[in-house]
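Down below is the structure, laid out as structure tokens.
The values are calculated or read from the model by the stated rules, or taken from the named source; none is laboratory data. Since this is a predicted model, take the numbers as computed values, not measurements. Heads up, the Cβs are rebuilt from the backbone with ideal geometry, glycines too, and the neighbour counts pull from every protein chain shown. Remember, those area values only see protein heavy atoms, side chains included, never the ligands or the DNA or RNA. Shrake-Rupley method; radii C 1.70, N 1.55, O 1.52, S 1.80 Å.
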Amino acid sequence: MKQASSLVGLHPDECTEAILDKALLYGKPVAIVPCCVFPHMFPDRYLADRPDVPVTTYEDYLQYLLEKDGRLQRATLPFEGRNQVIYYSPYKPEGMGAYK
């Protein structure tokens, strides 16, 4: 993973969070399209504003993943089903202003 130019996961199931964590760790561009929440496999996931309620819904899972780093963004892809993408790029596009 250290040598990869980017990390991508399309409905990566159980490894969704690991892909995101490694991309952030190594400063790699990342795009993941989360699918299943797997609350029974990952009972230690909680949102910052609800530390006593485990993450069990898709929307909460997306929020949980976004809370990992303030630079992460979310967008909707143009297809049916689980079409939310969470992404980040450490690279500044040519001609663009500074990242927020």
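Some observations on this one:
- Segment Lys68-Asp52, extension gain: residue separation times 0.36 nm, minus the distance between their alpha carbons: 4.0 nm
- Dipole-positive endmost among Tyr46, Ser6, Thr56 within the chain (Cβ charges, Cα centre): Ser6
- Global form of segment 9-72, assessed from the alpha-carbon gyration tensor, a/c cut-off 1.5: oblate
- Beta bridges by DSSP in the chain, antiparallel share as percent, to the nearest 5: 70 percent
- ³J(HN,Hα) computed for each position of segment 55-62 - Karplus, 6.51 cos²θ - 1.76 cosθ + 1.60, integer Hz, glycine/proline x: 6, 10, 9, 4, 4, 5, 5, 4
- 1.4 Å probe accessible area per residue over the chain, in Å²: 64 Å²
- Computed [θ] at 222 nm, deg cm²/dmol, the chain (DSSP H ≥ 4; -39,500 (n - 2.57); rounded to nearest 500): -6000 deg cm²/dmol
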